[in-house]
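The structure under discussion appears below in the form of structure tokens.
The values are calculated or read from the model by the stated rules, or taken from the named source; none is laboratory data. From a predicted model like this one, the values you see are computed outputs, not experimental measurements. Heads up, the Cβs are rebuilt from the backbone with ideal geometry, glycines too, and the neighbour counts pull from every protein chain shown.
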């Protein structure tokens with residue numbers, strides 16, 4: 001533990017270890033991805049499709065080591081029983097900070113298959129990471145505003161097609177499809193702009209997981225609904241690197257996906273879309289109440 005050091009020094013050490021970890025593992029990923037493209041033989045592609053996620057899981061595990069080294073964090077996690085590394089999962093979570101990604105990876109790595117996130121297309125240009133996400137078949141989506149789609153109607157539906165192609169790849173090997181339903185990190189400004197639809201959450205966007213279900217259907221073993229709470233306040237990424245996050249509470253709820261939502265047509269079937277959105281909104285109402293209960297419990301324990 002290095003938490004006895006000045007917090008800025010801990011931040012520099014954490015950032016250095018994170019950078020070294022990224023460079024090391026992405027270098028290996030790039031080499032194997034190059035051979036995957038160069039040798040498009042089905043048996044070799046299947047082999048690479050198993051090796052690449054395994055490398056990513058080791059990369060995440062190494063992140064866990066420097067996190068443990070540089071900070072003393074109390075992890076209060078419930079709901080990890082009965083998870084399987086060879087199944088298919090649909091994973092959803094609230095989203096408050098970049099730290100959420102490290103939290104999700106730490107608690108779920110090797111308990112379920114490697115999580116594939118829906119990413120904004122612009123993130124493909126992030127040094128090292130963008131190419132690594134591409135090599136691991138993370139879906140990159142272009143989210144257009146209503147004004148843009150009105151001006152360029154031909155762009156309408158392209159995100160759905162991208163999602164469909166990405167999810168089709170996930171049918172080949174066990175995969176966890178991860179989606180932050182809010183589509184962006186929670187901030188008070190965004191909360192006010194949306195007229196505060198929930199106490200602790202932004203409005204959920206159901207399209208991504210709706211399409212994932214339309215492609216993967218009953219392959220999904222269950223829905224993992226993850227709720228992340230930072231009892232001492234939502235951290236910045238720099239604060240996390242500096243070791244200022246001393247307590248994290250996580251609840252994982254596993255539930256069956258209603259069979260009526262398997263293999264439906266979210267894009268064109270209005271009745272299906274309405275029913276699916278109502279299901280997602282019910283999930284979000286329950287999550288909002290759960291966050292309130294977790295915060296109340298944390299305050300009582302302080």
Q | Boolean, residue 273 is in a helix (DSSP H, G or I), loosely packed, with under 15 Cβ neighbours inside 10 Å and modelled with pLDDT under 95 | A | no
Q: Determine, yes or no, whether residue 60 is in contact with a strand residue (DSSP E or B) (Cβ under 6 Å, 6 or more places away or on another chain), in a helix (DSSP H, G or I), at pLDDT 90 or above and under 29 Å from residue 168 (Cα atoms).
A: yes
Q: Hey, can you tell me all the residues within segment 36-49 that are exposed (fewer than 13 other Cβ atoms within 10 Å of the Cβ) and part of a helix (DSSP H, G or I)?
A: 37, 38, 42, 43, 46
**Q.** Among residues of segment 93-109, those that are within 17 Å of residue 290 (Cα to Cα) and more than 11 Å from the chain's Cα centre (by Cα), counted
**A.** 1
Q: State which residue is nearest to residue 183 (Cα to Cα) when the search covers only segment 81-96 and only residues that are in contact with a helix residue (DSSP H, G or I) (Cβ under 7 Å, 6 or more places away or on another chain) and part of a loop (DSSP other than H, G, I, E, B).
A: 94
Q. Based on what the data block shows, is residue 10 more than 20 Å from the chain's Cα centre (by Cα) and either modelled with pLDDT of 85 or more or under 26 Å from residue 221 (Cα atoms) (or both)?
A. yes
Q. Filter segment 63-88 for residues that are surrounded by 18 or more Cβ atoms within 10 Å (Cβ to Cβ) and over 23 Å from residue 297 (Cβ atoms); which is modelled with the lowest pLDDT?
A. 70
Q. What is the residue count in segment 223-249 for residues that are at pLDDT 90 or above and either surrounded by fewer than 16 Cβ atoms within 10 Å (Cβ to Cβ) or not in a loop (DSSP other than H, G, I, E, B) (or both)?
A. 18
Q. Residue 10 passes all but one of (1) out of contact with any helix residue (DSSP H, G or I) (no Cβ under 8 Å at 6 or more places or on another chain); (2) closer than 17 Å to residue 246 by Cβ; (3) in a helix (DSSP H, G or I); which number fails?
A. (1)
Q. Looking only at segment 177-189, which residues are loosely packed, with under 14 Cβ neighbours inside 10 Å and outside any loop (DSSP other than H, G, I, E, B)?
A. 188, 189
